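Accompanying notes for the structure given below.
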Amino acid sequence: MESLRRQKGALVARNGFLIQQYQKEHALRLRAEAQLKELQQVQRPTASNSSLAPSANPMGARPPVVKKPTGRRSGAQVGHAGTSRTLLPVEQADDVVGHRPAVCRACQGLIASDAPGEVVGRHQVFEIPPVAVTLIEHQSLACRCGRCGSVTRGIIPADIAASVTGARLTAMIGLLSASMKGSRRDVARVLGEALGFPIAVGSVLAREAELSAALAGSYQSLVAAAAGSKVKYVDETGWKLRGKGRWLFVSADRDQTIFRIDKTRTRPAFKALLGMNNNSDGGNGQDKLNGVFCSDRAGIYDMLKIRQRQLCWAHLKRDFVAAIERGGCGEAAAAKMLAICREMFELWHRFADQEIGRKKLKAAIKPLRERMKAALTQGAACGQKKTAGLCKALLKREAALWRFACVPGLEPTNNLAERMLRPAVVWRKKSFGSHSQAGCRYVERMLSVTQTLRQRGHPVMGYLANAIEAHRKGQASPEIPPRPTDTSNNTAEPAKLRKIA
């Protein structure tokens, strides 16, 4: 009997151990089945359900925007006001060539070469000379004084002796470098073949370094102006430094755009973009970050107070499409959210086209907001992990969905920052990033200054040349002028805003 009791105890203990093992294996199996089901339901990333660029859409994928054919022929339509080049005054022409008739059309007689003529037709042709770069030699002369007989040597000014390229040529080198997105060899080839100025690749890099130093003051002024802007659109993308990952941040508003390359995508890096000292307030910069920020749902922007945030609806639209394609019990709630998103954009386009005012916009947004909150609550309780997580995150930031309705100058999408980032993304893909910290600073300053000048409607090359001249003379960087015909601030109501499909 005692032996049987011991055997029974051993069997009971083993049975308990096997039950625990079964429960553990069963839980793992259920989890694996759920993950497998989720992977089977999720479709491949496209431009409609992820941040994938439309140009990188997989073959056969549905385009993110499907335009309905209008039935009209391509090109200008009937009634379209044509445009043509306006002739410049003849006084601005570098050369005037007259074309005289040699034979009379009526009697076939010869017309004298000195016969008076009248201008009855004009055609202007723009051309570049075979060698567009002029070579100026500066000589230092030694002269003997007629009074005391001493010899005095003339000194070539320091701003002229600073480089073998003039200010405008240096500006063109920088402009070509930024336009060709980092291909210094192509810059040297264009300068040699098109302008007749042979230059080594190393000299192109030297001119970039000089231009970067010349734009340092202008860049800091833009950072200060951007920090004080009342409406900002912020985003970030990847960058490379000697093959290692970096992050390129952007802050854009109506009047200026600034860029900054940082090692990490963190809250201190975001604060540094706007010139904030990360140690000045113990790491909490909420009180110093001014204005309203439109951004995606990246975690670094959670440092902002909710009243300072506007979530990008273009990103949300892709999230809603992904939730629908994911299927499951969260599909119905996602479909409701996508329908509300489309209604919101239709309403915003009416406001942008000035069909309705801000008062009617706010009134029409109110029922949409209530429906969205109900749909988010339904999605948060659906049990679908990713869809529920999205809805819970949006419920926490629900007020940031509708900030655009009450803040003048604020749009519901982060489209401005996305457009400003596109040249930088092309630069990164063509050049594989930067090879030094100095190269990163050059990218930041050139992108910031050139994008801002174009936003304000000013020529880029003229400003870069003035900055080089000031730098060589030891003077401060010239101030970037404001818009020539618009002195309003960046919170003014836009007459026509860019539509988002």
Just one of Ser436, Ser448, Ser477 is surrounded by fewer than 19 Cβ atoms within 10 Å (Cβ to Cβ), over 24 Å from Trp348 (Cα atoms) and of a type outside the set (Lys, Arg); which is it?
-> Ser436
Positions within the range 133-147 being surrounded by 10 or more Cβ atoms within 10 Å (Cβ to Cβ) and out of contact with any strand residue (DSSP E or B) (no Cβ under 9 Å at 6 or more places or on another chain), in sequence order | Val133, Thr134
So how many residues does the range 432-446 have that are in a helix (DSSP H, G or I) and out of contact with any helix residue (DSSP H, G or I) (no Cβ under 6 Å at 6 or more places or on another chain)?
-> 6
When you look at Ser203, is it farther than 30 Å from Glu411 by Cβ, surrounded by 10 or more Cβ atoms within 10 Å (Cβ to Cβ), in contact (Cβ under 8 Å) with a residue 60 or more places away in the chain and not β-branched (Val, Ile, Thr), yes or no?
-> no
Contact list, first residue from the range 221-238 and in contact (Cβ under 8 Å) with a residue 12 or more places away in the chain and under 13 Å from Leu274 (Cα atoms), second anywhere and among the acidic types (Asp, Glu) and in a helix (DSSP H, G or I), beta-carbon distance below 8 Å, six or more apart or interchain, is Asp235/Glu418
The range 150-199, subset within 27 Å of the chain's Cα centre (by Cα) and among the polar types (S, T, N, Q), residue surrounded by the most Cβ atoms within 10 Å (Cβ to Cβ) = Thr170
Kindly indicate the residue of the range 78-112 that is polar (S, T, N, Q) and at pLDDT 80 or above and also nearest to Ile128 (Cα to Cα) among those meeting that condition.
-> Gln92
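Okay, residues lined up against (1) at pLDDT 90 or above; (2) closer than 14 Å to Ala171 by Cα:
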{"residue": "Gln451", "(1), (2)": "yes, no"}
{"residue": "Arg456", "(1), (2)": "yes, no"}
{"residue": "Pro459", "(1), (2)": "yes, yes"}
{"residue": "Asn466", "(1), (2)": "yes, yes"}
{"residue": "Ala470", "(1), (2)": "yes, yes"}
{"residue": "Pro482", "(1), (2)": "yes, no"}
{"residue": "Ala492", "(1), (2)": "no, no"}
{"residue": "Ala495", "(1), (2)": "no, no"}
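Conditions (1) of a type in the set (Ser, Thr, Tyr); (2) outside the structural domain of Phe259 (by TED's automatic domain parsing); (3) in contact with a helix residue (DSSP H, G or I) (Cβ under 9 Å, 6 or more places away or on another chain), marked per residue:
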site	(1), (2), (3)
Gly149	no, yes, no
Ser177	yes, yes, yes
Val190	no, yes, yes
Ala200	no, yes, yes
Which one is surrounded by the most Cβ atoms within 10 Å (Cβ to Cβ), of the residues in the range 355-389 that are among the small types (Gly, Ala, Ser) and not in a helix (DSSP H, G or I)?
-> Ala381
Spot the failing condition for Ala213; the list is (1) in a helix (DSSP H, G or I); (2) of a type in the set (A, V, I, L, M); (3) free of Cβ contacts under 8 Å to residues at least 60 places away in the same chain, and only one is missed.
-> (3)
In the list Ser203, Ser212, which residue meets the criterion of being within 22 Å of Gln455 (Cβ to Cβ) and more than 19 Å from the chain's Cα centre (by Cα)?
-> Ser212
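The values are calculated or read from the model by the stated rules, or taken from the named source; none is laboratory data. On a predicted model such as this, the values are computed, not experimentally measured, just so you know. Note that we place each Cβ from the backbone using ideal geometry, even for glycine, and neighbour counts take in every protein chain shown.
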